[in-house]
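Comments concern the structure below.
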Amino acid sequence: MSMIPPAACLGVSHRTAPLALRERLAFGPEALRAFYNRVRGEQREGAPELLLLSTCNRTELFVGPVRQMDHVRDGLLDLLAADRGVPRPALERASYVHTGQDVARHLGRVAAGADSMIFGEAEILGQVRDALHVAREAGVAGPFMTALVKHAVRAGRRARTETEIGRCAGSVAAEAVRAVGERVALSSARVVLVGAGAVARTAGLLFGKHGARSLKVVTRTTGHGARLARTLGGTALPWHDLPRAVADADIVLTATSAPHALITVELVRAVRGPGSGPLAIVDISVPRNVEPGVARIPQVTLLDLDQLQKRVEANLAARRGALPAVEAIVEQEAGRFAEWQLAHAVRPVLSAMHARGETIRRAELDRLLARLGDVDAETREAVEQFSRALVTKLLHEPSRSLRQDVENAAAARRLFGLGDIA
């Protein structure tokens, strides 16, 4: 039996689940902290580490190292379904599972943007890093998840610098700006951003690059909105001004983690009268920030993530040309993670071997010196150095063999009388 306990991943993404289900499974910052608090309260000693990655296109739960894989999938399904209030059969139909080294390969592809709705999109790399930071702060992730994410992020960085995916990268925000630019003249548009995160910032910079006439940022958190508005050369508005901002806008883009609709049919009907011009609304939030019924209001166009996905699926040939090179990088980094797992798995056995050797060396040295009686310091030091060198050389070959083949660890425990090691 392998000494390397594997990892597991259960997830849903834009490839397997419609937007309506993805938004029910999405975790905003507060929901994620609450989830980790509940899990940590129920964890027992020796429980595996956890990492939850939740973006607009995916929710994935990573767990490892796993000592017993038999019921891991059922456990993860139950955990996610119960926390999000989603029927388990619906989640089971839309989910996928990765185990063993396929977990490292999958997360590497995710970090590289090779599994994104927009092939090669850049935001996901930071989202993977942030997911680890939050999990570590919550106390549910440790060395295993840190190493897993480290090698995935390295794969993502290398993919962007060593292959065409980095020079042809896209993003949801960029596709959103392109899509709305087909409906509204960006050079004369009055743009409203609802939200102040990375996606809103990227979209705002692109709108500014296209010469938008004005740009306003509406957020619940005044400080965040003010900082983004300064970056974009726009104006920050308080949350209660959202209706007025929508009334005056040509384009509204929402990108928040709010768990409910912010722009309702009632709001839009109230501020857009018969004389209002065309309004394009782009909702790239999960859960959705705009009620779908808004699309039925005259002169209003609504684009959401599902529609953006259909747009980009038709034009990915150039970026996908980089996929073989990206996959090779991902495989290399997954191999390096396997090497880390190997070293991590044998470390307790190696430490115990050397500790046992030192204990025996010390005992035999004390016995020898007692027999020799009164010896000078130089002789004592010579015998000491000889005993250390002897133990080191005797353990060198077994140690090297263990580092190369972890399967020998069980035999090493028996041969050296080490007993069970945690």
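The values are calculated or read from the model by the stated rules, or taken from the named source; none is laboratory data. Keep in mind the model is a prediction, meaning the values are calculated, not measured. Reconstructed Cβ throughout: ideal geometry from the backbone, glycine too, with neighbour counts over all protein chains shown. Ligands, DNA and RNA are excluded from the accessible area calculation, which covers all protein heavy atoms including side chains. Shrake-Rupley method; radii C 1.70, N 1.55, O 1.52, S 1.80 Å.
List of remarks:
- Remark: the Cα gyration tensor places region 38-196 in the prolate category, a/c being 1.5 or greater and a/b exceeding b/c.
- The loop-placed trypsin sites (Lys or Arg not before Pro) in region 49-129, going by DSSP, that have at most 11 neighbouring Cβ atoms within 10 Å of their Cβ come out as 67.
- Carbon plus sulfur fraction of accessible area for region 265-311, probe 1.4 Å, in percent: 51
- Selected from 330, 149, 346 as most flexible by GNM, with the chain as the system and alpha-carbon contacts under 10 Å: 346
- Using only alpha carbons, the chain has a radius of gyration to Kirkwood radius ratio (Rg to Rh) of 1.14.
- Sparse-neighbour loop sites [GluC sites (Glu not before Pro); region 162-248; at most 13 other C-beta within 10 Å; DSSP]: 182
- Local electrostatic count, residue 190, Cβ distance below 10 Å [Lys/Arg +1, Asp/Glu -1]: 0
- Dividing the helix sum by the residues of the chain, where each DSSP H run of 4 or more adds -39500 (n - 2.57), gives a mean residue ellipticity at 222 nm of -18000 deg cm²/dmol.
- By accessible area with a 1.4 Å probe, ligands and nucleic acids excluded, highest first: order of 161, 235: 161, 235
- Hits among lysines - C-alpha to C-alpha of residue 310 under 27 Å, sequence gap 8 or more where chains match: 209
- DSSP-assigned coil residues among GluC sites (Glu not before Pro) in region 25-66, each with at most 11 further Cβ atoms within 10 Å: 45
- About its Cα centre, region 1-91 has a charge dipole of approximately 200 debye under the convention of +1 per Lys or Arg Cβ and -1 per Asp or Glu Cβ, with nothing else charged.
- Counting only DSSP beta bridges whose two residues both lie in the chain, roughly 40 percent are antiparallel.
- Heavy-atom accessible area per residue - the chain, 1.4 Å, Å²: 48
- Region 110-221 - percent of accessible surface contributed by carbon and sulfur, probe 1.4 Å: 50
- Principal-axis analysis of the Cα atoms of the chain puts helix 72-84 at an angle of about 40° to the longest axis.
- Formal net charge of residues neighbouring residue 90 (Cβ-Cβ distance under 14 Å; K, R +1; D, E -1): +2
- About its Cα centre, the dipole of region 224-364 is roughly 240 debye, where the only charges are +1 on Lys and Arg Cβ and -1 on Asp and Glu Cβ.
- Since only 97, 256, 186 are under comparison, the one whose Cα sits farthest along the positive direction of the charge dipole of the chain, derived from C-beta charges on Lys, Arg, Asp and Glu, is 186.
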